[in-house]
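The structure under discussion appears below in the form of C-alpha cells.
Values quoted throughout were computed directly from the atomic coordinates according to the rules given, and no laboratory measurement underlies them. Computed from a predicted structure; not experimentally measured. Heads up, the Cβs are rebuilt from the backbone with ideal geometry, glycines too, and the neighbour counts pull from every protein chain shown.
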Amino acid sequence: MTADDDGPGTFARVALGETGFERAAVWSAVGFAVSYAAFDAVALAGGLVGVVSASGAAVPVTSGAGVVAPVAAVLAALTAVGTVAYAAVGAGALPAVLLAYGPLAAVLLRTVGPAPYAVPLADPLPFAVAVAEPLGVALAAAVAVGLAGYAVGRVVAGVGGDREAGAETDGGATAGGDADAID
C-alpha cells in the first residue's frame with residue numbers, strides 16, 4: 001500500500017467515489033421512470049405486432065401479463081451492467097447502490113406491487129403497505145446489486161490491484177530496474 005492509500009479519507013473515497021451522488025440520483029430517477037414504463041411499452045408493442053407462439057401462429061397480447069418476467073429479467077440485467085460500468089468510471093459504493101435502486105424499485109413495483117396507475121383514495125392504508133413492501137425489497141436488492149457492481153466495477157477498472165509489469169516506479173525506472181532501457 002502506498003502512503004496516499006492509508007489516510008482517513010480512504011473510507012470516504014470508497015463510499016462516495018469520485019463522481020458523487022448527483023449523477024447517481026438523476027440516473028436512478030430516470031431508470032425508475034423508464035423501467036416502470038417499459039412494461040407498458042413492451043405490452044403495447046406486443047399487442048400491436050402480436051406475439052408468435054411456439055407453433056408459429058400470432059397470438060395477440062391484450063394484457064401485459066405475458067411480458068412481465070422477460071422485461072423484469074432484462075431490466076435487472078441492465079441495472080447490474082450499468083452499476084458495474086458506473087463503478088468502473090469512479091463511482092463509490094453508495095452511489096452505485098443509489099443508481100441500482102431506481103430501476104429495481106420500478107421492476108418490483110410492477111411485478112409484485114399494487115395495480116399500476118390506480119390509487120384507492122377511500123382506503124389508502126392497504127395501498128401504502130402494498131407499495132412499501134416492494135420498495136423495501138428493492139432497497140435490499142439495490143444494496144446487493146450495488147455493492148456487487150461496485151466490487152466488479154473496481155476490478156474491471158483495475159483499482160486496488162497490483163501495478164502492471166513495466167509500469168513506472170520511483171525515479172522513473174521500469175519494473176526491470178533500467179531507467180533508460182529500450183527493448
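Here is how the numbers come out for the structure above:
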{"read-out": "Derived scalar couplings ³J(HN,Hα) [region 77-89; Karplus, 6.51 cos²θ - 1.76 cosθ + 1.60; whole Hz; x for Gly, Pro]", "value": "5, 5, 5, 5, 5, x, 5, 4, 5, 5, 5, 5, 9"}
{"read-out": "Ranked list, fewest to most other Cβ atoms within 10 Å of each Cβ, for 99, 108, 121, 78", "value": "121, 78, 108, 99"}
{"read-out": "Karplus-derived 3J(HN,Hα), 6.51/-1.76/1.60, for each residue of region 94-106, Hz, glycine and proline x", "value": "5, x, 5, 5, 4, 4, 6, 5, x, x, 5, 5, 5"}
